[in-house]
Structures are given as structure tokens and as C-alpha cells.
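Report on the following structure.
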Amino acid sequence: MTDTLVVTLDGMSQLEYRRSTALAEHQLQYIDLLDQRMDGGIELNGRRIEAPNALQRAQFIALQLLNAVQDGNEQVAAATCAYLANRIPDLKQVQATTRGGMLSFDLIFDEAYEAKPQEVKVEFMKPRAQD
């Protein structure tokens with residue numbers, strides 16, 4: 001199990017959650033409440049799932065997390081990230097892309113996040129002719 005869960009959007013880290021950070025009691029209760037709400041079923045990929053399994057719950061919560069990140073809703077992003085980190089201990093990354101205006105994501109269990117070096121665009125200018 002890795003200590004850090006990283007959420008990326010278009011290759012850039014958006015949120016990093018350290019599992020070693022203890023949650024307050026009210027935060028743990030909120031995670032339990034999320035599970036209780038999902039016990040009544042969820043809507044995933046346009047279909048109703050009455051008894052979602054752990055992976056379906058993770059996909060549902062990851063979608064809520066990514067929407068919160070895009071909307072700048074830090075409280076929901078933190079709560080849903082905490083849910084994933086605590087309920088799915090082997091999850092290392094939530095990798096999302098927004099190609100073509102569509103949000104898609106993968107749950108990554110086998111590869112820890114590594115920051116990629118920033119690319120810098122270098123423009124060359126044509127030398128001026130000497131007189």
C-alpha cells in the first residue's frame with residue numbers, strides 16, 4: 001500500500017492525499033455516511049446500480065471528486081479523496097483527462113504518481129542578415 005493517493009487532471013497533479021494523516025471523527029463519520037447513501041444505489045454511466053460493489057462505489061466517488069476539483073469545491077474534493085484513500089487502500093492514482101470537452105478517468109492501482117518535468121517552449125529567431 002502506498003501512503004499517497006494522487007489525483008491528476010490532464011497530467012497535472014491536482015490533489016495529493018497522505019493516508020498517514022489521521023482524520024477527525026466527524027470526517028470518518030462523513031465517509032461512513034457516503035457509504036450509507038450508496039447502499040441505496042447509485043447512477044453510474046447512465047444506469048442504475050442497486051447494490052454497488054467497492055469498485056463501482058470508487059468510480060462513483062471518483063467522478064464526484066473530479067467534478068469538485070473542476071468546480072473548485074475544496075470541501076467535496078477533500079471528502080471524496082479521503083473516502084477513496086480510506087476505502088480503497090491499494091488505489092495510487094485517479095488519472096483524469098478532459099479531451100474534447102469530455103471528462104474521463106482511470107483508477108490506477110499499480111503505479112505511483114511521478115511528477116513529469118515541466119516542458120518549456122523555446123522559440124528561435126532567424127538571425128538578421130549582416131550589412
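Within the stretch 101-114, the set of residues being open to solvent by 80 Å² or more (accessible area, probe 1.4 Å) and at pLDDT below 85 comprises Glu114 only.
Residue pairs whose Cβ atoms lie under 8 Å apart, separated by 6 or more positions or on different chains, with the first residue in the stretch 37-59 and over 22 Å from Cys81 (Cα atoms) and open to solvent by 70 Å² or more (accessible area, probe 1.4 Å) and the second modelled with pLDDT of 95 or more and assigned to a strand (DSSP E or B), are Arg48/Ile42.
The values are calculated or read from the model by the stated rules, or taken from the named source; none is laboratory data. Everything numeric in this text was worked out from a predicted model, so none of it was measured. Glycine also receives a Cβ, built like all others from the backbone with ideal geometry; neighbour counts cover every protein chain displayed. Just the protein is used for accessible areas: all its heavy atoms, side chains included, with ligands, DNA and RNA removed. Shrake-Rupley method; radii C 1.70, N 1.55, O 1.52, S 1.80 Å.
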